[in-house]
Amino acid sequence: MSLQFINYWQWLFKGSGGRSGLRRLFDRWLLLHVTVGVGLATLVQKPLTECANSVLLPLAGAIIGLSFAWAGNAQALLQTSEIEDVADRHQGGLVEYAYVYQTAILLILITLVGWTIAGLSVFDSRWPTPGRTYWYCAAKTCLFGLSSLALRECWHVVLGAQWMLLIRREIKRSKGDQEKRKQ
């Protein structure tokens, strides 16, 4: 029996039997995240430094804590025989489940780095007239759009872990019912 293994970057760009990991981010919901980015970049008149320091960096700590906690729960669930059985029936197998969580964490970390750069005044000092500079508005739009996308992925981490927990319970119940019928 040969061991087949696909690394994360191969999965992200090519996939493992299904669609690539990037296609999970670039779906129909991307339009919503771009709209949120443009809307907040237009409505929020504060410089990015103030936005980063007052609201978004502290909020990022909560998002990261929540995602890592639920990802840990998901990792434990991925190691159960019930979820392994489900994953074996899924195109791409267990890799699909594990790397989806890793992508969510990567996206959250990229967003955090972007807001950290904003909090260090890189954008505000590079383009000192934020209301009149195309690049500043683009950076602001990207940061708010990324935040929206990261929030969605954080929610998906929670939903995925909950889904696996519920599926595992149903599989255990089903196995218990089958054993009772055999007796």
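FYI, it's all coordinate maths here, none of it is from the lab. Since the model is a prediction, treat every value here as computed from it, not as a measurement. Every residue, glycine as well, gets a Cβ built from its backbone with ideal geometry; the counts of neighbours run over all protein chains shown.
Among the candidates Thr80, Thr42, Thr35, Thr49, the residue that is surrounded by 12 or more Cβ atoms within 10 Å (Cβ to Cβ), under 29 Å from Ile171 (Cβ atoms), over 15 Å from the mean Cα position of the chain (by Cα) and among the β-branched types (Val, Ile, Thr) is uniquely Thr80. Scanning segment 120-149 for residues that are among the small types (Gly, Ala, Ser), in contact with a Ser or Thr (Cβ under 8 Å, 6 or more places away or on another chain) and surrounded by 21 or more Cβ atoms within 10 Å (Cβ to Cβ) yields a single hit, Ser147. Residues of segment 108-119 being touching a residue at least 60 places away in the same chain (Cβ under 8 Å) and surrounded by fewer than 19 Cβ atoms within 10 Å (Cβ to Cβ), which ones? Thr116 - this is the single residue of segment 108-119 that is touching a residue at least 60 places away in the same chain (Cβ under 8 Å) and surrounded by fewer than 19 Cβ atoms within 10 Å (Cβ to Cβ). For the condition in a loop (DSSP other than H, G, I, E, B) and among the β-branched types (Val, Ile, Thr), what is the one hit in Ile6, Ile64? So the residue among Ile6, Ile64 that is in a loop (DSSP other than H, G, I, E, B) and among the β-branched types (Val, Ile, Thr) is Ile6.
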